[in-house]
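Asker: One structure, pasted below without further comment.
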Amino acid sequence: MSFQDLLQQKTKNADDVARLVNSGDVVDYGLGLTQPDVFDAALAAQKDRLSNVVVRGTLSIKARQVVEQDPDQKHFEFQSWHCSGYDRKKCELGQMSYLPFNLGEGPGIYRAYLKSDLFVLKASTMDEKGYFNFGVSNTFAKANCDIAKRIVIETSDKLPVCLGSDNSIHISEVDAVIVGDNEAIFELPSAETSDVDRQVASHVVPLIKDRSCLQIGIGGMPNAVCSALTHSDVKDLGIHTEMFVDSMVDLVEAGKITGKYKQTYIGKITYTFALGSQKMYDFIHNNDLCVSLPVNETNLTPYIAANDRVVSINNCLQVDMTGQVASESAGYRHISGTGGQLQFVRGAVQSKDGASFMCLSSRYYDKAGNGISRIVPGLSLGTVVTTPRTDVMYIVTEYGIVNLKGKSVPERALALISIAHPDDRQMLHKLACDNNILCKKYRA
């Protein structure tokens, strides 16, 4: 039987595929761009016959109908591996829950600990060899396929085809195919860079050496670092990252990325998922410079540290005076997720001549316009530690940069106070004394 015959045989109506789901089942969706939409709506429409169905997904880029049509969770529980803005709001309403994990452990967690009755993934339309490509959100999709009792592909002719490994599935392995809506794919606007972001970047870029291998997160500060790098004298950079973002295209176009001094995937850009503009999607489409890998191969520490001069640049929300970093929650309010931050911090530090940078503004402002320090004596009640103090290297604000490696608790406190907002330093010093963070030698 030809691949086209198999495709015709396996193409099903979304309503019929949704009827495969039974009460008590676990249904897995993909990450970001590969979460299904037609199937999601069909499953939500059948809620009245279902109960206790768990739906797992990651970084939702639009409303999930199994959540919207069942706000009281009488039929579905949606669990997110990493929260987008949409997921965050639903967590706050009690309509979604978060699954804590280090992103690079995803494939291993699925294969060792989880069951999946149905895996439904949005992927490219079938190619001439019978494959559907999901490389734009590779992550743990292959592990999902390995454990799922049934695999369903929802097609999209708008998704870029990403070259790499373990980032596709053959029609012979699929139980059903749903023709997708082929709507234009979601574009994530680039975060605006502020003066604070540019000041932070000005402290980071001078410490990035030629031939460094970059991991860059998303947001205004990482964008500012990339922008500064495009105008710097730094050359022959490589990229080994979790998320491929627009600013990386800018670095390539500026001639900064050669990858020829990487120790793994020499001359290539390695990543596990992508989210950004249409320009970026067009850049990675069938581009053999870009290699889509399962997330264990991008995020597990040994793979990261295998390259020299790894530079990890990430945002955070709050840092206490001992160096504990909070990046995923503010008090009990969940915001995002652990993602790959901790693994890249560790991988960068273990890399030969590597460096890890944790970036934040010295203050945030509440609704009344009051400035509140992000550097604190202790993390707010309920706030989750994303990166332990033992792992942290550089902390950067608009007022400077400090390296916490080898510093005692009092030395760390003084270093962090020195890069806090000037109007907060006296208050922070007093609190450090009052709470015995500073020993007597430093209390004057």
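Asker: Taking neighbour counts of Cβ atoms within 10 Å as a proxy for exposure, in what order, fewest first, do TYR29, TYR113 appear?
Answerer: Ascending Cβ contact count within 10 Å gives the list TYR113, TYR29.
Asker: A follow-up question, please. In what sequence do SER156, SER380, SER116, SER172 fall when counting other Cβ within 10 Å, fewest first?
Answerer: Exposure proxy ranking, most exposed first: SER172, SER380, SER116, SER156.
Asker: What distance in nm lies between label points placed 7 Å from Cα along the C-beta direction at ALA254 and LYS62?
Answerer: Those two pseudo-labels are separated by 3.4 nm.
Asker: Here's something else I'd like to know. Which number do you get for Rg(Cα) / (2.2 N^0.38 Å) in the stretch 133-212?
Answerer: Dividing the Cα radius of gyration by 2.2 N^0.38 Å gives 1.68.
Asker: Can you give the relative contact order of the stretch 97-218 as a percent, counting alpha carbon pairs under 8 Å and 6+ residues apart?
Answerer: Answer for the stretch 97-218 is 23 percent.
Asker: Obtain the nm distance between the two label points defined at SER380 and ASP233 by a simple spin-label model: each point lies 7 Å from its Cα along the Cα-to-C-beta direction.
Answerer: 4.3 nm
Asker: Hey, in the GNM for the chain with a 10 angstrom Cα cutoff, which one of PHE132, PHE101, PHE76 fluctuates hardest?
Answerer: Fluctuation is largest for PHE101.
Asker: Below 12 Å, Cα to Cα, which aspartates and glutamates can LYS352 reach? Residues fewer than 8 away in the same chain don't count.
Answerer: ASP308
Asker: Could you tell me the convex hull volume per residue, in Å³, taken over the Cα atoms of the stretch 194-277?
Answerer: Residue-normalised Cα hull volume stands at 82 Å³.
Asker: Which FRET efficiency, nearest 0.05, do ASN436 and TYR364 yield, Cβ-Cβ r, R0 35 Å?
Answerer: Calculated value: 0.85.
Asker: Given N residues in the stretch 3-178, what is Rg(Cα) / (2.2 N^0.38 Å)?
Answerer: Normalised Cα radius of gyration, the stretch 3-178: 0.97.
Asker: Please state, as a whole number in µm²/s, the translational diffusion coefficient that the Stokes-Einstein equation yields for the chain at 20 °C and 1.002 mPa s, with Rh defined as the Kirkwood radius across alpha carbon pairs.
Answerer: The estimated diffusion coefficient comes to 94 µm²/s.
Asker: Which whole-number percent gives the relative contact order of the stretch 178-302, counting Cα pairs below 8 Å spaced six or more residues apart?
Answerer: 23 percent
Asker: Taking a ≥ b ≥ c as the square roots of the eigenvalues of the Cα gyration tensor of the stretch 195-442, is the shape rounded (a/c under 1.5), prolate (a/b larger than b/c) or oblate?
Answerer: It is prolate, given that a/c is not under 1.5 and a/b is the larger ratio.
Asker: Any idea what the relative contact order of the chain is, in percent, if you count C-alpha pairs under 8 Å spaced at least 6 apart?
Answerer: After rounding, I find 13 percent.
Asker: Which whole-percent values make up P(r) of the stretch 249-329 when all C-alpha to C-alpha distances are grouped in 5 Å steps starting at zero?
Answerer: Histogramming the stretch 249-329 at 5 Å steps yields 3, 11, 18, 21, 18, 14, 9, 5, 1, 0 percent.
Asker: Scanning the chain for helices, which whole DSSP H stretches are 30 Å or more long along the axis (Cα) and average 1.0 or more by Kyte-Doolittle?
Answerer: Membrane-span-like by this rule: not one helix.
Asker: Right, another one. Past 21 Å, Cα to Cα: identify those pairs from LYS158/LYS279; LYS90/LYS142; LYS235/LYS268; LYS89/LYS279, in the order given.
Answerer: LYS90/LYS142; LYS89/LYS279
Asker: For ILE266 and LYS47, FRET efficiency with R0 = 60 Å and r from the beta-carbon atoms, rounded to 0.05?
Answerer: 0.75
Read-outs: derived from the displayed coordinates by stated rules, not from any lab. For clarity, every value in this text was computed on a predicted model and none was experimentally measured. Ideal geometry is used to build each Cβ from the backbone, glycine not excepted, and the neighbour counts take in all protein chains shown.
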